[in-house]
1. If Rh is defined by the Kirkwood formula over all Cα pairs and Rg also comes from Cα, what ratio Rg/Rh do you get for the stretch A:1-157?
2. What do you get for the angle between helix B:120-133 and the principal long axis of chain B? Use alpha-carbon atoms, 0 to 90 degrees, nearest ten.
3. Could you work out how much longer the chain between A:HIS348 and A:PHE74 gets when fully extended? Use 0.36 nm per residue separation minus the Cα distance between them, nm to one decimal.
4. Among the lysines, which fall within straight-line cross-link reach of A:LYS180, defined as a Cα-Cα distance under 18 Å, with same-chain neighbours fewer than 8 residues apart omitted?
5. Of all the C-alpha pairs in chain B, what % are more than 27 Å from each other?
6. Need one number for the stretch A:431-513: average projected area of the convex hull over its C-alpha atoms, nm².
7. Each label point is 7 Å from the Cα along the Cα-to-Cβ direction; what then is the distance between the points at A:GLU277 and A:PHE399, in nm?
8. So which lysines can A:LYS474 reach, going by Cα to Cα under 19 Å and dropping same-chain residues fewer than 8 places off?
Amino acid sequence: MIRSLIIDWAYFLSTSHNYQATKRFFYNLLENDKYRFKKYFDILMITLIMISVVILIREVKSHVNDFLLFFNNFVISIIFLIEYLLRLWVSGSVTEIIIKQNDYDTMLGQDFNLFKATRKVLRAKLSYISSPRAIIDLLAIIPFFHQLRLLRIFILFRVFKLFRYARSFQTFSSVLSTKKFEFLTLGMFASIVIFVSSVLIYVMEANNPDSPIDTLYEAVYWSIVTISTVGYGDMTPVTDEGRLVAMVVITAGIAVLAFTTSLVVSAFTEKLDEIKETKSIDDIRKLKKFYIVCGYDNIAREVVKKLSIKNDIIILDEDSTRAGIAHKDGYKVLNYNPGSVESYKKLHVDMQTQVKAILCLRESDVANVYTSLTVRSINKDVYILSLLMNDINRKKLLFAGVNEILYPKELVGLIAKEFVGKPVAFEAIHGLRSEYSNINIEEIVITERMLSNFALVSELNNIKYRLVLLGVYKNNIKRFYFNPIDSTILEQGDYLVLIGNSVFIQEFEKYLHKSRK
Amino acid sequence: MKVSALIFGYNDYTLQIAKNVVHKYQNITIFKLETDPLRGELEEYDVELFDLSDEWTSLEQKHDLEKSIVFCVLEDIAENIFLTISLRASFENLTIIGLSNNKESANKLLMAGANKVIPIVQTTASIIAEMLDKPIVTDVLHSILYEKSDLKIAQIEVNAHDCFDGKYPADIEWSRDHGIIVVSVMHADGSSEFIYSSKSQHHPIEKGDVFVVVGYENDIKNFEKLIGGEKCL
């Protein structure tokens, strides 16, 4: 009976939308660094910790307001307790364990083994409870029992909780953990030296009435102070033998200090690229919309230069030299292979919403086909533009799913045709397109707000802004209306194609947004 | 009026240029180096051999260089510059269009005497950036420039004396009255000005001004009749 109730309950919870959504929300809030509200939660917790520590310090020699004490002892502690319980809750799924056990038993034709399932649940939860972070969290709650004055010191454990909220601490500890073996060796060496020198100094000095070192505790204290190269000077050996020991300890101390420094430095040097990469990926994740440029050859370099004025760009190039050049040019670059699915997984970006377009700009058709195919295998809709270096590969690029192909050699032919045909017109149009000219050709999309004021072309008043309205692009029927008549009706999503001074175009756009009333 | 196109270079660029200018010139001659491997699609045109150390006497004898336009599209940029400088040294008035990889080689080609340089990298990059930033504008401009639609761009010279009676380009409602859009005005000194620029606004329309206009073929023809003739219609 109980067994079937437990199984029903497990299935109910695992299929309950509300329960799962709530659990997911708390998991994201507590554990998911990518969740946008987590940082606010972290800031709140850090503030509570700092308040706790300030109250502790203030309490040593002064009277603290009763309300603050109440806030510290109860409110903060209860918040921490709730946080601890929530973390315990999201640290694994009890229902999943029960359902798995039930499935397993059903498959073998046995009754549901409640004992086994309970054991697994306890093991999972205990493994969380016994983790260093959970222990710190638990100890940080203890000041709640404020009657036990000694336990107040546990407030300091709240400071350790900072490790959980500040990512730089986590990075620091993860970097140092890569040199675990070296630190262990160093620790062993330092411990042996401290142990041997403490015993020796005690033997040499303890019976000398002039020596300040009388006990083994004082000998250990002296050894640690000396080996760490701190050397307070409050205790110094007076016998020749003791001084000999001091010389050995001082020499060992220099070695220990040098070794420790070099270990920390080398750990950071080795991990520097990784840390930078993690930082870059974090920055990329925060971007709302951006282009991904695959490859950093000559054309890509120029494209990025132009596009980066108004857009965010991410460059992927597997060649470290080219990636280095892109980095020197001041762009966000990752030394990843754009033809590998793994690269996009590492990026953790949403192709659908974050990526404006993928630009395959390697000057190699093989590389561009490969990259396009990789991107298409991840997302079917993202817009891909690719360079084509040899016309015989056009079909291959189309087959790989490229939306737009640009063949520079064909472009040269078209430019030559236009130039020999209408040189003045050619120069005029290129003048409009040139970034160095003040006169520009721009498109302005008609928004709902604009429509409320300007329903017809005749109402636009572009002449006042010295702008030529070349035409209106009707987005719903994908057609360009050149030189539209005054009674042309404007619709939301239409584009105005305007020629004029770029400053006037900006002013005109502002005017369109403003209410005329 | 140029009647011949001489294309130096035996590669994909040659093919694209030849394909695009074939309607414009009576003769197209492609010049190849002896080391260039044979390419079927290029052999459909007249192909001649040349050498970078040529004195160009045979070129002068065979072709009317006054009526020819030359494209220097060798893939080796150093050779292309050498070819340009060598042609310019021999023929002062020859129209030379050169192909360059980047701005640096474009400057060198201009210094070597090319009249017009097409920088491949910059041009391609500009078009890619425009396609992404201003897709509608790019589409419209390309359809006008590369004649993919009925819209045309034309340059029309004002020949009539008294058509505009001292009016300024911005004063006239070109689009309503003539169905065309005047984009810019080219003055006698060769500089091209946007119709609403301050220089154009202080410059009344005179005989000899060249208008760059966009419009449908019939409207352009009518406009050409109006201002291109001796008398105002």
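Please treat every number below as a calculation from the coordinates, not as lab data. As the structure is a prediction and not an experimental result, all values here were calculated from the model. So basically every Cβ, Gly included, is an ideal-geometry build from the backbone, and we count neighbours across all protein chains shown.
1. My calculation puts Rg/Rh at 1.11.
2. That helix lies at roughly 40 degrees to the long axis.
3. This chain segment gains 94.6 nm when fully extended.
4. A:LYS271
5. Result for the distance tail: 49 percent.
6. One quarter of the hull surface, i.e. the mean projection, equals 5.1 nm².
7. 3.3
8. Within the straight-line cut-off, A:LYS474 pairs with B:LYS134, B:LYS148.
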